[in-house]
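The values are calculated or read from the model by the stated rules, or taken from the named source; none is laboratory data. Keep in mind that what you see is a predicted model, and the values were worked out from it rather than measured. In this analysis, Cβ positions are derived from the backbone assuming ideal geometry, glycine residues included, and neighbour counts consider all displayed protein chains. Accessible surface is based on the protein model in full, side chains and every heavy atom, while ligands, DNA and RNA are left aside. Shrake-Rupley method; radii C 1.70, N 1.55, O 1.52, S 1.80 Å.
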Amino acid sequence: MSTLLDNLNPEQLAAVTLPSQHALILAGAGSGKTRVLTTRIAWLIQTGNASPNGLLAVTFTNKAAREMLTRIAAMLPINIRGMWVGTFHGLCNRLLRAHHREANLPQLFQILDSQDQIAAVKRVLRAMNVDEERFPPRQVAYFISAAKDEGKRPGNIEATDEFKRRAADFYAAYDEQCQKEGVVDFAELLLRSYELLARNEPLREHYQARFKHILVDEFQDTNRLQYRWLRQLAGRDNTLFAVGDDDQSIYRFRGANVGNMADFERDYKVQNVIRLEQNYRSHGNILAAANALIAHNSRRLGKNLWTAEGEGEPIRVFEAASDGYEAAWIVEEAQSLARAGMAYKDMAILYRSNAQSRLMEHALFSNGIAYRVYGGQRFFERVEIKHALAYLRLLANSDDDGAFLRIVNFPTRGIGARSIEQLQDAALAHSSSLYKAVPLVAGKAGTSLAAFLGIIESLREETVNLQLPEVVGALLEKSGLIAHYQSERDGADRVENLGELVNAAAAFLQEEGSGDLATFLAHAALESGENQAAEGMDALQMMTVHSAKGLEFHAVFLTGLEEGLFPHEQSITEEDGLEEERRLAYVAITRARTRLYLSFAQTRMLHGQTRYNIASRFLDEIPDGLMKWLTPRLGSGLPKATAWEPQAETQAFAPRPVQKDSGHGFRIGQSVQHAKFGQGVIVSAEGSGKEARLQINFGRQGMKWLALEFAKLEPV
């Protein structure tokens, strides 16, 4: 026991050894929350408070779930394979597999990923003769998923406008189609699992009796339905151990509800709220900046990060004349850090919007610096892998119309749109799947379709006694996928990816001890959201701040700190929008271990237009004593004409911004002072003489047109 609890700080120890009661652990960034969660599980098992199969642990990514299981296995000599530790979707999938009859699902139901779901929605819209211009399939799919995340079926949707009324009808038809085909989407996994527990009291009581301890990671990221699902499992005698950080709740656009933390505290009359505030990642000045920034949010449970590692270096703040100059400076600074011995992989460039990345990438490429855009296309989402998985899906379930349509004519085998239309008409007339309707189609179309069925049936017979990796290998050859990509000029990479799919099947067989095809396909669908990191290359990391959550780097460049960009202009009008933007900035700052750079630009090209900017309010919310300005700072830190410009070798891709004179001594991009509105930046001008007007961005005071004759502007 002493070994298990060694090196825990007092707050961590208190959380790990809490008696069996509801608890909320406010775990600040870098405070060791994963260690607390896994040690808590190990402590419950070692002390006899729970058996390995008597607890449920939920997290948000498969990577995090694997990390938890690995740590538990290192702490205790137990078999972790049967433990219920996984993501919400993974655990719901497991529950529905075990009780498919009660859930009204076929035993081998398949899971649709986001692209499969859009394809299924398109088929619904075509069957209903709907104009996709008026009702885009992607938008309808989003509507359906959002409704499911709120726990709503078509009949529960309040149709406040024409789109919602029609979308509810599409949702109903989509549900019927999925039920007929024996498929579910991601949101359906959770909703159907919740509905199953809600209506089936014996089943609910069975799992309540089994899982006496329920532990939840990243609780701030749960949506309303996930919280309701947890409440179904948490009966009178269960304990909920929720770990999270309301200051890092940044996924509202995905449905995350930071209010679940306060609701949990109230609903379960939580007596134990433990704050993990000692940070093991960042130096003191970085944490002080994060604390000062987030303190401006009013709706938070409250905590204050600290470290025993000392203050460290000041935060470096940089102002550039343009976004091109900003990118050039970051390259120079990264090269300087590399010459001093820091690996590029320990540096990260963070940005609020994906649109910011192009110039950064160009600057890095031009200077020969290897980089990786974190969150690129994932393995299971690559088109060749999607084709191979569709063949496997059809092997597992011949009623899967989405898989059928994806591969019936790929590689090309002479089955055109007219043949598919005849097949769909036959299937509709006989209320059957497309696969089963093939014998009903006559003529040339029927012959071509029958040949395709012959491939699938032959493959099914040949692989009946083969191991999973052999099944995948046989499919790749028999389907013609390998030969197809080998014949393409640039197909070598795709062939390598298909070979890697065989490796993935072998690894799955070894790690899970299961060669079941349906289980592997579920695994592939669940894993499709996981990032596939490049291995072995010392590459600088680039990503949005959202993608940076959970990561850490020695040096972080947080770019584009301008009003309208970060915080984003849309956040100003949204409820809680500005507070979420501030939480996003807090997450970005706390990614840095030893060195943090904050930068902004006077002008920026976005969506083909030049924007004239003022510094983000977030810079004003960080105490001056923590920051070292690398460019002269005047007044409140609004843009000045003294901003840094690049050396000659970098000017080719960072042209100097045009300084248009208004004819009265003022120029676009110049900072000015107004008696009423304060300091601002001139963004446009029109007229001359007594008719001259200037458009000025006064930041929080907004954009103003002022008559130059009466404005009494003073240059800054």
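Applying the condition of being of a type in the set (G, A, S) and surrounded by 15 or more Cβ atoms within 10 Å (Cβ to Cβ) to the stretch 54-90 and asking which residue is farthest from the chain's Cα centre (by Cα) yields G54.
Conditions (1) out of contact with any Pro (no Cβ under 7 Å at 6 or more places or on another chain); (2) in contact (Cβ under 8 Å) with a residue 60 or more places away in the chain; (3) among the basic types (K, R), marked per residue:
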{"position": "Q278", "(1), (2), (3)": "yes, yes, no"}
{"position": "A321", "(1), (2), (3)": "no, yes, no"}
{"position": "E326", "(1), (2), (3)": "yes, yes, no"}
{"position": "E332", "(1), (2), (3)": "yes, yes, no"}
{"position": "Q335", "(1), (2), (3)": "yes, no, no"}
{"position": "G368", "(1), (2), (3)": "yes, no, no"}
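Quick check: anything in the stretch 314-323 out of contact with any His (no Cβ under 7 Å at 6 or more places or on another chain), surrounded by fewer than 20 Cβ atoms within 10 Å (Cβ to Cβ), in a loop (DSSP other than H, G, I, E, B) and at pLDDT 95 or above? Among the residues of the stretch 314-323, at least one is out of contact with any His (no Cβ under 7 Å at 6 or more places or on another chain), surrounded by fewer than 20 Cβ atoms within 10 Å (Cβ to Cβ), in a loop (DSSP other than H, G, I, E, B) and at pLDDT 95 or above, which makes the answer yes. Of all residues in the stretch 282-298, those that are part of a helix (DSSP H, G or I) and at pLDDT 95 or above have Cβ atoms under 9 Å from Cβ atoms of residues that are of a type in the set (S, T, Y) and open to solvent by 10 Å² or more (accessible area, probe 1.4 Å), 6 or more apart or on another chain, in G284/T307; I286/T307; I286/T594; L287/T307.
None of A451, A504 is crowded, with 19+ Cβ neighbours inside 10 Å and in contact (Cβ under 8 Å) with a residue 24 or more places away in the chain except A504. Residues considered: S51, S31, S20. Of these, the only one that is in contact with a strand residue (DSSP E or B) (Cβ under 8 Å, 6 or more places away or on another chain) and either open to solvent by 40 Å² or more (accessible area, probe 1.4 Å) or acidic (D, E) (or both) is S20. For the criterion of being more than 24 Å from C178 (Cβ to Cβ) and open to solvent by 40 Å² or more (accessible area, probe 1.4 Å), A429 fails.
Taking the stretch 251-275 as the search range and keeping residues that are touching a strand residue (DSSP E or B) at 6+ places or on another chain (Cβ under 9 Å) and polar (S, T, N, Q), which one is surrounded by the most Cβ atoms within 10 Å (Cβ to Cβ)? For the stretch 251-275, the residue satisfying everything is N260. Being open to solvent by less than 20 Å² (accessible area, probe 1.4 Å), out of contact with any His (no Cβ under 8 Å at 6 or more places or on another chain) and not basic (K, R) is the requirement here; does I407 meet it? No; evaluated as a whole, the condition is false for this residue. For the stretch 220-231, a residue qualifies if it is surrounded by 19 or more Cβ atoms within 10 Å (Cβ to Cβ) and either touching a helix residue (DSSP H, G or I) at 6+ places or on another chain (Cβ under 6 Å) or more than 18 Å from W84 (Cα to Cα) (or both), and the qualifying residues are Q220, D221, T222, N223, L225, Q226, Y227, W229. If you go through the stretch 437-492 and pick out every residue that is of a type in the set (D, E), assigned to a helix (DSSP H, G or I) and touching a Lys or Arg at 6+ places or on another chain (Cβ under 9 Å), you end up with 1. The C-beta contact set for the stretch 43-65 (first residue without any contact (Cβ under 8 Å) to a residue 12 or more places away in the chain, second residue aromatic (F, W, Y) and outside any loop (DSSP other than H, G, I, E, B), distance under 7 angstrom, 6+ apart or interchain) is empty.
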